[in-house]
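**Student:** Below is a structure I'd like to ask you about.
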Amino acid sequence: MKLKNHKNHHTDLYQDNICVLRRSQTFQMWITLSRPFNRHTDKLHLHLKTGPIPEVGKRTHVIVPLVEELKGNCWEAAVVKENDKRIKLSVNSPGTAVIGRYRLTVETTCPNGLAIYTCNPSDDIYMLFNPWSKDDSVFLDDEEERQEYVLNDVGRIYNGRVNQIGARTWNYGQFDSGILATCLYILEKSKTLCSGWGDPVNVVRIVSAMVNSNDDAGVLVGKWSGDYTGGTCPTFWNGSVEILQQYYASKGSPVKYGQCWVFGGVTTTVLRCLGIPTRTVTNFNSAHDTDVSLTIDVYVDENMDTITNKNQDSIWNFHVWNDCWMARPDLPPGNGGWQAVDATPQETSNGIYCCGPAPLTAIRNGQVYLKYDCPFVFAEVNSDRILWQRNADGTYSKIFTEKKVVGCNISTKAVGSDERNDITHMYKYAEGSEEERVAVETACSYGSKPDTYESPTAKDVTMKVVMEGEGPKLGSDAELIVKFINHSCENRNVSLNSQLAVMYYTGVHKATFQKEKRDLDLLPNKETKVKLALTYDKYKDLLVDQGALMLTLLGRVKETQQVLATQFGFLLRTPDLIIKTQPIGKPVVGQKMTVEISFINPLPEELKDVVLNVEGIGLLPVQKITYGDIRSNGRVTITKDFTPTLAGAKKFVASLHCSQLTQVHGVADI
């Protein structure tokens, strides 16, 4: 049974003889009782407890009820097979379950009284995150990427210089014997509440802090002096397993020594082991901003000699960190997906040496006010180097700005091969483009030197996206309206960049399908409407369940340098099912009646394998109707007979599903 569970849960690679499962997925277990189970007189509950002080209110003590039928995405169990004294249970867990090691207790109640059996520690359940489940916030909708970023235990880490890129193989070894136990030990040693271990944002911050030893006796001691006496030279490590085994065997004594690629490699091991999709990333010409100016500042005196004690910022040849994948419900929509995480101790975050998770989308757009640590990561990849000269009165003036020097050839191992994949475009727009300059100036306006770049001479243009009526319909071309108002008495010219992207309902970006650049002439004291075309053919193959799209607008007023920026999320409207009852009049309990369900296919293509789901409390139980194919723009009518069983106001509910179209519903009051 354990082997079957492991295969279904993609945990069969873990080399320990323990039960490793992923949350939000059904698993099976056999229970042997003292006599055959009687469904009518016997009751059974499972108790799962994790952490030092399990509490029901904190979801660390879970009482799993026995139900007749499993519903999914909650703690529940159902008897699916009986064999004399043995019963086979199917058990579900929610996509928000706390990860960790659970102790299992079986509680039975029968006419003879209560019995409690505590299972052996060998039967403990190790619960992990589940990138295969849509109900888990680490869900990753690409099997090849899941194989790479969760299940691949060997990788490539890049190093060298921007024009001399080298690489080395790194053994992550997240499935090696004892590594899962070590990863959970790291979480325990953080002394954080395990009730928060169901949130990947929280877990990632804990791991980022615990992989370095600076303030919590974490895994690795960082050292860059060249003298590695008493420890191992960072370049000597070939992988994470030896480091983690040494840390666990020494009962939490930090391992000597590590540098950025070692911190990054160990972080990938820990997060992949726990089930969070993770990759190791190298940034060439990586900036270290020490004063949150979001620029790399170089100070010289009146004679152009450097002022050593003020030049604290630096640019590393390369720096290694991690990206991990998750939804970010704590942030505005569009910020889910890849998040930058850095375990190398450089600067503190809320008083602790950790960094991230910082959404790559926010970094790309200069939205450094979003959580966590976006200013530091932005400066690493997209800061300008600025030369400041001291004046006679002791103040400083900006005399030179060097662009395009920071954040080059950002690299990670490609999916399914050992090739280098350049992901610079995910961190920033093309160097020197209008979008990139807008992002830099936006970010710096939130830094410690907000006046580094010239402020706009005026802010007299406003921009707003409006949706007319109920919004665009799925399957049809449509237009979005962007309204500009020039409040000045002079002409204004706006350089506007727009892009449309498909989003998951969790706010995670799936794919950009349309980009456009245009120049707009705005007349004085006038409103100008701009129409953006939305073409079905461009997005039809990219849509996911909820039909969510995101419009991103970035612009600049040429005369004043005012920046215009907004994001506008919207859903594509799907058609309703039209439900009518027959005969007209008052339905009666016990008397047969009929409903008529009508639907028009809105898409310019045939719907394949259409299925309807109908039900109504007191009307009829859940039933599936297999219809088949519906031609493009075709109209269909389906009738359903049933006999009401309960009196009162009832609702007949129906939904339609096929691979090309979801979120189609209808209801009738009866």
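The values are calculated or read from the model by the stated rules, or taken from the named source; none is laboratory data. Remember, predicted model here, so these are calculated numbers, not experimental data. Cβ coordinates were reconstructed from backbone atoms using ideal geometry, including for glycine residues, and neighbour counts include every protein chain displayed. SASA here: full protein model, heavy atoms, side chains in, ligands and nucleic acids out. Shrake-Rupley method; radii C 1.70, N 1.55, O 1.52, S 1.80 Å.
**Student:** Taking the criterion of being open to solvent by 60 Å² or more (accessible area, probe 1.4 Å), closer than 17 Å to Ile363 by Cα and either modelled with pLDDT of 85 or more or not small (Gly, Ala, Ser) (or both), would at least one residue in the range 451-463 satisfy it?
**Tutor:** There is no residue in the range 451-463 that is open to solvent by 60 Å² or more (accessible area, probe 1.4 Å), closer than 17 Å to Ile363 by Cα and either modelled with pLDDT of 85 or more or not small (Gly, Ala, Ser) (or both).
**Student:** Considering the range 410-420 alone, what residues qualify as being of a type outside the set (Ser, Thr, Tyr) and either within 19 Å of Pro359 (Cα to Cα) or open to solvent by less than 50 Å² (accessible area, probe 1.4 Å) (or both)?
**Tutor:** Ile410, Lys413, Ala414 - these are the residues of the range 410-420 that are of a type outside the set (Ser, Thr, Tyr) and either within 19 Å of Pro359 (Cα to Cα) or open to solvent by less than 50 Å² (accessible area, probe 1.4 Å) (or both).
**Student:** Would you check if there is a residue in the range 344-364 being out of contact with any Leu (no Cβ under 6 Å at 6 or more places or on another chain), farther than 21 Å from Leu220 by Cβ and charged (D, E, K, R)?
**Tutor:** Within the range 344-364, one or more residues are out of contact with any Leu (no Cβ under 6 Å at 6 or more places or on another chain), farther than 21 Å from Leu220 by Cβ and charged (D, E, K, R).
**Student:** Continuing with the same structure: Out of Pro604, Pro575, which single residue is closer than 20 Å to Thr535 by Cα, assigned to a loop (DSSP other than H, G, I, E, B), open to solvent by 70 Å² or more (accessible area, probe 1.4 Å) and at pLDDT below 90?
**Tutor:** Residue meeting the stated conditions: Pro604.
**Student:** Name the residues in the range 548-572 that are in a loop (DSSP other than H, G, I, E, B) and open to solvent by less than 40 Å² (accessible area, probe 1.4 Å), would you?
**Tutor:** Of the residues in the range 548-572, the ones in a loop (DSSP other than H, G, I, E, B) are 558-562, 572.
Listed by number, the residues that qualify are Thr560, Gln562, Leu572.
**Student:** Restricting attention to the range 264-306, and to residues there that are modelled with pLDDT of 95 or more and among the hydroxyl-bearing types (Ser, Thr, Tyr), which single residue is farthest from Asp141 (Cα to Cα)?
**Tutor:** So, considering only residues that are modelled with pLDDT of 95 or more and among the hydroxyl-bearing types (Ser, Thr, Tyr), the one farthest from Asp141 (Cα to Cα) is Thr282.
**Student:** Under 6 Å between Cβ atoms, at least 6 apart or on separate chains: pull out the pairs that start in the range 471-486 with a residue that is more than 24 Å from Lys558 (Cβ to Cβ) and end on any residue that is in a loop (DSSP other than H, G, I, E, B) and β-branched (Val, Ile, Thr).
**Tutor:** Listed pairs, sorted by first residue: Leu474/Thr574; Asp477/Thr535.
**Student:** Pairs only if they're at least six apart or on different chains, beta carbon under 7 angstrom, first in the range 618-645 and in contact (Cβ under 8 Å) with a residue 40 or more places away in the chain and over 11 Å from Leu607 (Cα atoms), second among the acidic types (Asp, Glu) and not in a loop (DSSP other than H, G, I, E, B); list them, first residue then second.
**Tutor:** Thr637/Glu596; Thr639/Glu596
**Student:** Taking strands (runs of 3 or more DSSP E) that fall entirely within the range 607-657, which contain at least 1 residues that are over 16 Å from Leu577 (Cα atoms), among the aromatic types (Phe, Trp, Tyr) and out of contact with any Leu (no Cβ under 7 Å at 6 or more places or on another chain)?
**Tutor:** Values: elements: 607-616, 620-630, 635-642.
No strands (runs of 3 or more DSSP E) qualify here.
**Student:** Which fully enclosed strands (runs of 3 or more DSSP E) of the range 1-111 have 3 or more residues being in contact with a Cys (Cβ under 9 Å, 6 or more places away or on another chain)?
**Tutor:** Because the criterion is at least 3 residues that are in contact with a Cys (Cβ under 9 Å, 6 or more places away or on another chain), the strands (runs of 3 or more DSSP E) in the range 1-111 that meet it are 100-110.
**Student:** Going through the range 332-357 one residue at a time, which ones are in contact with a helix residue (DSSP H, G or I) (Cβ under 7 Å, 6 or more places away or on another chain), assigned to a loop (DSSP other than H, G, I, E, B) and more than 10 Å from Arg205 (Cβ to Cβ)?
**Tutor:** Gly334, Asn335, Asp342, Ala343, Thr344, Glu347, Tyr353
**Student:** Being open to solvent by 60 Å² or more (accessible area, probe 1.4 Å) and not polar (S, T, N, Q): is that true of Glu441 here?
**Tutor:** No: the conditions fail for Glu441.
Residues checked against (1) without any contact (Cβ under 8 Å) to a residue 24 or more places away in the chain; (2) farther than 29 Å from Gly95 by Cα:
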| residue | (1), (2) |
| --- | --- |
| Glu144 | no, no |
| Tyr149 | no, no |
| Gly155 | no, no |
| Tyr158 | no, yes |
| Gln164 | yes, yes |
| Glu188 | yes, no |
| Asn214 | no, yes |
| Lys223 | no, yes |
| Thr232 | no, yes |
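**Student:** Only one of Asn311, Asn285, Asn303 is free of Cβ contacts under 8 Å to residues at least 12 places away in the same chain and surrounded by fewer than 24 Cβ atoms within 10 Å (Cβ to Cβ). Can you tell me which?
**Tutor:** Numbers: Asn311 fails: free of Cβ contacts under 8 Å to residues at least 12 places away in the same chain; Asn285 fails: free of Cβ contacts under 8 Å to residues at least 12 places away in the same chain.
After ruling out the rest, the residue left standing is Asn303.
Yes/no per residue for (1) among the β-branched types (Val, Ile, Thr); (2) open to solvent by less than 70 Å² (accessible area, probe 1.4 Å):
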{"position": "Ser34", "(1), (2)": "no, no"}
{"position": "Asn38", "(1), (2)": "no, yes"}
{"position": "His45", "(1), (2)": "no, yes"}
{"position": "Thr50", "(1), (2)": "yes, yes"}
{"position": "Glu55", "(1), (2)": "no, no"}
{"position": "Lys58", "(1), (2)": "no, no"}
{"position": "Pro65", "(1), (2)": "no, yes"}
{"position": "Cys74", "(1), (2)": "no, yes"}
{"position": "Ala78", "(1), (2)": "no, yes"}
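**Student:** Just for the range 285-303: of the residues that are of a type in the set (A, V, I, L, M) and under 28 Å from the mean Cα position of the chain (by Cα), which one is nearest to Thr442 (Cα to Cα)?
**Tutor:** Per the criteria, the residue is Leu294.
**Student:** Restricting attention to the range 227-279, which residues are assigned to a loop (DSSP other than H, G, I, E, B), open to solvent by 10 Å² or more (accessible area, probe 1.4 Å) and not small (Gly, Ala, Ser)?
**Tutor:** Passing the criteria: Asp227, Tyr228, Thr229, Thr232, Cys233, Asn238, Lys251, Pro254, Gln259.
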